[in-house]
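A short worksheet on the structure shown next.
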Amino acid sequence: MTLPRFLAVLLFMVAGQAASAFEGCKFSFRIDAQSSALQALIQGASERGGFWRPIAEAPDDVQEIGRYIGRLDVCLMTPDGKPRTVTLNGQTRTLKSPQMTTCTAALLPGNRLLTNSHCFYNDVMVGAGFTFVQEARINFGYTAADFTGNVKTYAVSTRELTRDADLDAMVLQIFGADANEALGGHVPMVMQSRVRPRRALTMIHHPNGDPQQFSSGTCQVHPDQAKLPEAASQLRHSCETTGGSSGSLLLDARSLAVVGLHNQGGLHGRGGYNGGHKIAAVEAALGLGFRAIAAPAPVTEPKPDPETLAQEALTEALQLDGIEARRTALEDVVTTFPASRAARSARNALDLMAPRQRSVEEQASDALIAALALSEDEARRRALTKVFDRFRFTAAGRSAQTMLELMAARSTVAKPPQPKPGVKMADAMKLVSWGGMYQRSQEKAYLDPYVARNRSLDVSWDSDSHSAVSILRKGDAKARSWDVVDVVASDAIRLCEAGLAERIEVDRVLAPAPDGTPPSVDFGKFLINDCFIPQIAYSTTIGYRTDLVGRQRPRSVCDIFDLRRFPGKRALEKRPINNMEWALLCDGVPESRLYEVLATRRGQDRALAKLDTIKDDIIWWSAGAETPQLLADGEVVMGSTYNGRLFSLIAEQGQPVEILWDRQVIDLDGWIIPKGLPADRKARVLDFLYFATDTQRLADQAQYISYGPARRSSAPLVGRHKDLGIDMKRHIPTGSGNFATALLYNYDFWTEHRAAIDRRFSAWLIR
């Protein structure tokens, strides 16, 4: 027996315990060096949903399946133990022997593992001489890099039980321990045989050998699947992957049945697709034990009339004596028969039973009195701004506006904050942003003019805004080099709460409007906390095909629910946010009570019942690029997406599409200052932000990108696009006429209620 084989046998004897590190094996080399995630990494904040996320952020049922998905470690050797030269993706490297590679594998019944054949028999590696598997192991429960105490490691056979090279599929055996018993089962042994283009998928994997992640968002069967014969085994998909993802199962996002086995990259910023094979083909070849989802049993008796059942349930509920019992029974009517006439009657009865709520006018009056009672000017100004933003259509809101105007008239024009005596401004500054067109708009609008005024200043960029929160939390050297960071509003909230961002007195630090209006009033409700300096507003809104809607054009977001006047498919994002708000508004809930109603189970039922009226005509999307493509292809009449995507469709592609701005949902992007900057660097940042966020500079940014300036005073100054010559006031969320009915994303509400409403929405999707 050779020494490597002896070591392998020894490892089998101690399986189930923490396996010892592979001698000489390194984790630095990736078998598949091509990442299909590049495009997702460079997209703006509003378009990051397609990239993988930690498994802890996945729905509970996806996390449950993740228990049975592990990282497969494979230690490859050359027969003589000497290094070999390998050419991969045009790069030539010398690899030591033994050499560690990683894949992803799924636990089947009988302590078997399903993965890719190339995890053992990679053509490039085999061709270079790495023909011998020294050791292999599977790691379950590797979900976080900072805690590995829950990881269970088992020894794996170095020879396959069975494999099919054409399908790149292989089955391995776990030795020495019962992983099925220890983990409590295996992956679901059900498969979805039918593969349809654009079908939403989920994938659980270990990209780069990192802690377990899941891909969603842009993860779907690729449209090019339609170009293949139905009998073909190949599966084309757009789930984000990289080295280490090989061997991952592709799951149907709704049923979580297995659809395919991922095996190769190919997705990139210019298009393409990733590849795999249908699980039905793998099952036919290897006999793994997967069963197709059973077809629904034929109906042998006529279905009861749902309206009759609903009316009977309503009658029984109203006849109950106890108020709590009656309320519970009425809520059951709404839940069980959401689209029925009885459900509407039940909702009305529940509304009558609800305790009287203070009127909006009463709430506004109380808030105004409390604001005027404040003695400090800045505190009073902030409180009055909140009254105006929340109750602008009430008498108290109008009074608050008048008071703010009087205070603004008395205010003196601020000057840029000056460094403390003896403190010089730093002669270098590092900014963090998103890259791409957005970063270039920042450079053109205010960084280049600022540098022209400060010619000795050395400026550099990091395009790390997508991971700024995690990098700042780590506090590593990169984070310590940052002076000012561009983040979305939700990240600013997290950083502020964690004490990682400086708190800012905006009226002391930022420039007033040209008419002297203080920044706190000019930015208004966009000042979501004391750490965030807003720059731009972007939105989720509705686009529609002008040539498909007929003579009547949609005028309200509620037109998306009007199938009679505007027949055809709609595209909506596959999440409750925005959809639930629009549904309630279009069901008659006033804006002032919107989140009060949505916080209740009855309100959520009401929103889902409204969505039920168009459910059969909805195409769900997860990535911002999907709706524009559906509109361009004429597959939908209207659909929601990000306003920047629609601008590109209209202005750059010339598609017959218009934007419906009514009830657009505004989100924000802006600056934070990392906590603890040295005095000279902080002085430089404050000087820069005073200049970069003034009225003119934020208006200038809209010349390069279709986002709205966050200052009220900037909107009238927005001009034409520098390259296209288009009047940008028509194309930005804060433009004249576009902003009148806008909703600001409610960060506090969705932080508190997101998990519960997500669960209800997911359950509704599949019923």
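Values quoted throughout were computed directly from the atomic coordinates according to the rules given, and no laboratory measurement underlies them. A quick note: this is a predicted structure, and the numbers were derived from the prediction, not measured. Here the Cβ positions follow ideal geometry from the backbone for every residue, glycine too, while neighbour counts run over all protein chains shown.
May I ask you to sort I533, I293 by Cβ crowding, counting other Cβ atoms within 10 Å and putting the fewest first?
In order of increasing Cβ crowding within 10 Å: I293, I533.
Could you name the lysines in cross-link range of K96, using Cα to Cα under 29 Å and dropping any fewer than eight places away on the same chain?
Output for K96: K26, K82, K152.
Roughly speaking, what is the centre-to-centre gap between the range 737-767 and the range 665-714 when only Cα atoms are used, to the nearest Å?
Their Cα centres are 28 Å away from one another.
Restricting attention to the range 528-578, which trypsin sites (Lys or Arg not before Pro) occupy a DSSP loop and are surrounded by at most 15 other Cβ atoms within 10 Å?
Sparse-neighbourhood loop trypsin sites (Lys or Arg not before Pro): R551, R555, R564, R565.
Which chymotrypsin sites (Phe, Trp or Tyr not before Pro) in the range 606-704 sit in a loop by DSSP (not H, G, I, E or B) and have at most 13 other Cβ atoms within 10 Å of their own Cβ?
Sites meeting the loop and neighbour criteria: none at all.
Which value in deg cm²/dmol, rounded to the nearest 500, describes the helix-derived mean residue ellipticity at 222 nm for the chain, given -39,500 (n - 2.57) per DSSP H run of n ≥ 4 and division by the residue count?
Numbers: 28 runs with 248 residues, N = 767.
Per the formula, -9000 deg cm²/dmol.
Applying the Karplus parametrisation 6.51 cos²θ - 1.76 cosθ + 1.60 with θ = phi - 60° to the phi angles of the range 190-206, what ³J(HN,Hα) value in whole Hz is obtained for each residue in order, glycine and proline being reported as x?
Coupling constants for the range 190-206: 10, 10, 9, 7, 7, 10, 10, x, 6, 5, 5, 10, 9, 9, 10, 7, 10 Hz.
What is the dipole size for the chain, taken about its Cα centre, with +1 at each Lys and Arg Cβ and -1 at each Asp and Glu Cβ, in debye to the nearest 20?
980 debye
Report, for the chain, the % of DSSP beta bridges that are antiparallel, rounded to 5.
Once the DSSP bridges in the chain are tallied, antiparallel ones form about 80 percent.
Once you list every other residue whose beta carbon is under 10 Å from the beta carbon of D662, what net charge do they have if Lys and Arg are +1 and Asp and Glu are -1?
+1
Given C-alpha coordinates of the range 561-669, what is the ratio Rg to Rh with the Kirkwood estimate of Rh?
For the range 561-669, the value is 0.98.
Shape verdict for the chain, please, from the Cα gyration tensor: rounded (a/c under 1.5), prolate (a/b greater than b/c) or oblate.
Oblate, because a/c is 1.5 or more while a/b does not exceed b/c.
Per q in 0.09, 0.11, 0.20, 0.23 1/Å, what log10 I(q)/I(0) does a Debye calculation on the alpha-carbon atoms of the range 165-285 return?
Each listed q maps to, in turn, -0.24, -0.36, -1.16, -1.48.
How large is ³J(HN,Hα) for each residue in the range 745-751, as worked out from phi by the Karplus curve 6.51 cos²θ - 1.76 cosθ + 1.60 (θ = phi - 60°), to whole Hz, x for Gly and Pro?
The phi angles translate into 3, 8, 4, 5, 4, 6, 4 Hz.
Could you list S470, S245, S441 so that the one with the fewest beta carbons within 10 Å of its beta carbon is first and the one with the most is last?
In increasing order of surrounding Cβ atoms, one gets S470, S441, S245.
Distance in nm between label sites at D617 and D547, each 7 Å beyond Cα in the beta-carbon direction?
Roughly 2.1 nm, to one decimal.
Using amide H atoms built 1.01 Å from N in the peptide plane, name the residues 5+ places from A428, or on other chains, whose amide H lies under 5 Å from its own.
Answer set, sorted by chain and number: D458.
Please compute the length gained on full extension between E591 and E57, using 0.36 nm multiplied by the number of residues separating them and subtracting their Cα-Cα distance.
189.2 nm
Ordered by residue, what ³J(HN,Hα) values in Hz, to whole numbers, does the range 232-249 give under the Karplus form 6.51 cos²θ - 1.76 cosθ + 1.60, where θ = phi - 60° and Gly and Pro are x?
5, 7, 5, 10, 9, 8, 10, 6, 5, 9, 7, x, x, 7, 3, x, 7, 7
Of the listed pairs K444/K682; K474/K525; K478/K525; K478/K675, which have alpha-carbon separations greater than 26 Å here?
The answer is K474/K525; K478/K525.
Taking H placed 1.01 Å from N in the peptide plane, check which residues at least 5 places from D462 or on another chain put their amide H under 5 Å from its amide H.
Hits under the 5 Å cutoff: L431, V432, S433.
Looking at the range 632-767, I'd like the Rg to Rh ratio, where Rg is from alpha-carbon atoms and Rh is Kirkwood's inverse mean 1/r.
Values: Rg = 18.9 Å, Rh = 17.8 Å.
Here the Rg-to-Rh quotient is 1.06.
For the range 437-511, taking Cα atoms only, what is the radius of gyration to one decimal and the Dmax to the nearest whole Å?
Spelled out, the Cα radius of gyration and Dmax of the range 437-511 are 14.0, 36 Å.
Need the full-extension length gain, V459 to R194, defined as separation in residues times 0.36 nm minus the C-alpha distance. One decimal, nm. List each step's numbers first, then the result.
Working: separation 265, 0.36 × 265 = 95.40 nm, distance 5.40 nm.
Going from the current span to full extension adds 90.0 nm.
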